[in-house]
Amino acid sequence: MKVLTGFSKLNITERIDLLKKNVNLNEQQISLLTAFRENDKDPDGVIENLTENYISNYSLPFSIAPNFRVNDKWYFVPMVTEESSVVAAAASAAKFWSGQGGFKSEISGTKKSGQIYFSWNGNIEKLQSMLPLLKEKLASSVKSLTVNMEKRGGGITDITFNPDHHGNNDYHIVNVDFDTVDSMGANLINSCLETMGSELVSFINSNFTGTDREAEIIMAILSNFTPDCLVECSAECSISRLSEISGNLTPEQFARKFAKAVQIAREYIPRAVTHNKGIFNGVDAVLLATGNDFRAVEACGHAYAAKDGNYTALTDIEISGNRFRYRLSIPLSIGTVGGATSVHPMARLALQIMNNPTSGELMKVVASVGLASNFAAIRSLITDGIQKGHMRLHLNNFLSHFNVNESEKILVEEHFRNKQYSFSAISDFLTSIRGNL
């Protein structure tokens, strides 16, 4: 196959025809692309215009986790995920904690930042002495871009200059801090930084002579590391109340094992990664439902988990007397306006289901779902084991694969009610009963 040009300029039918010729798609597969495109009603082409080289839609379940009580407000939380156990776990933990006063969540900061990286061999001391004037010029250059953000109470909050980054003097950094209010603000921040980069070069050219004028912008880009865009969430109850969920353990045994599991995640990286993944199971599902950038949030979360030089759990636990308190600290740079959040009809609906929260309120809810998801995972690990509930919820996936009818489903569920099962075990059982039905 030769290199293709102009693929993006083709219409959907032409793209699919080209695929059909080059990767041998059959008519059934072509029909599948058409069916998923037509079943996701998009008369205005909104979903198609979210991406490039569009040919169809990829559907994921849109679910609801009820009973989330966050700072004494109740939420039905939309979650988009392909894993049923994620929704079940979040809902189960939410139900338990709602009876203990719910989740308490607060924001300790909303600062986002971006950087202008530039090469320059000029007089650094002179440039530093002119920093107040430079900051004024940079801020003024983007006034037309930040005016609406300022009307909402946000804007550029600081501009700083780092001339000697880690002792490396072959490039320099201008750091710009933003408060984007209810918008995640990535596009706005990047537009501001690129404009400021041009202004920075103009400023140097205007105030320096000779070779000192030769400044070059390397790049200007926001950072997805937002450690000051932080949410802290906790859930607390008396140890005795843990009897509702402790299974065969006493509440005291449950609390002790739970604390030990968290300690392991804080000290042992192989466990910490999976522990934090359990948090993002819930976080990502809500971010997907609301059209937020879950990739940026995950990248930042894992960087934050390693901020002290060693990757560790994002949660911590405190057991004092008869009190059990579980806590999560997580950076969440998300929004409720702009981007896919405002454009995608299901994202807008997701926010409406949550009574149109501000970005701050959404941060608190998302953190609560992350804590709930992780709590439920550890509860399973230290009681029945993760596979019992996990595999029970995956049974329907297996049954769908084998196209079972209702009578076969009843027989399968009864046969495996108290047994471990696998794909091959279900296949063998269906083979045996289908010969006798």
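Every number in this text was worked out from the coordinates using simple rules, so none of it is lab data. Please read all numbers here as calculations on a predicted model, not as lab measurements. For neighbour counting, all protein chains shown are included, and Cβ atoms are generated from backbone atoms with ideal geometry for every residue, glycine included.
Taking the average, over residues, of other Cβ atoms within 10 Å as the packing measure, peptides 154-162, 346-354 rank 346-354, 154-162 from highest down.
Annotation: amide H-H contacts under 5 Å for T157 (H modelled 1.01 Å from N, sequence separation of 5 or more, or interchain): D177, F178, D179. Between E14 and N175, residue separation times 0.36 nm minus the direct Cα-Cα distance comes to 53.4 nm.
Set the Förster distance to 25 Å, then compute FRET efficiency between F7 and I221 from the Cβ-Cβ distance, nearest 0.05. Computed FRET efficiency for F7 and I221 comes out at 0.40. Counting Lys and Arg as +1 and Asp and Glu as -1 over every other residue whose Cβ lies under 12 Å from the Cβ of E298, the net charge comes to 0. Compared with the dominant principal axis of the Cα atoms in the chain, helix 251-267 is inclined by about 40°. Packing around the peptides 139-147, 230-238, 403-411, taken as the average count of other Cβ atoms within 10 Å per residue, puts them in this order, highest first: 230-238, 139-147, 403-411. Among residues other than F103 with Cβ under 11 Å from its Cβ, the summed charge is +1 (Lys and Arg +1, Asp and Glu -1). Listed by chain and number, the lysines placed with their C-alpha closer than 24 angstrom to that of K143 are K111, K112, K135, K151; residues fewer than eight positions away on the same chain are left out. Per-residue packing, averaged as other Cβ atoms within 10 Å, sorts the ranges 66-74, 22-30 into the order 66-74, 22-30, beginning with the highest.
For Y268 and A306, compute 0.36 nm times the residue count separating them, minus their Cα-Cα distance, and round to one decimal in nm.
On the way: separation 38, 0.36 × 38 = 13.68 nm, distance 1.24 nm.
Extra length from Y268 to A306 when fully extended: 12.4 nm.
Between E150 and F36, the distance separating the two model label sites (each 7 Å from Cα on the Cα→Cβ line) works out to 4.6 nm. If the chain linking L411 and D212 were pulled fully straight, counting 0.36 nm for each residue of separation and taking away their Cα-Cα distance, it would gain 63.5 nm. Provide the FRET efficiency to the nearest 0.05 for the D158-K260 pair, computing r from the beta carbons and using R0 = 45 Å. Computed FRET efficiency for D158 and K260 comes out at 0.60.
What's the angle, to the nearest 10 degrees (0 to 90), between helix 269-289's Cα axis and the longest principal axis of the chain? The angle comes out at about 90 degrees. Solvent-free Debye calculation, one equal scatterer per alpha-carbon of the chain: log10 I(q)/I(0) at 0.07, 0.13, 0.14 Å⁻¹ equals -0.49, -1.23, -1.29.
In degrees, nearest 10, range 0 to 90: what is the angle between the Cα axis of helix 386-401 and the longest Cα principal axis of the chain? Helix 386-401 sits roughly 80 degrees off the main axis of the chain.
If R0 equals 25 Å, the separation of the Cβ atoms of N24 and Y58 corresponds to a calculated FRET efficiency of about 0.75.
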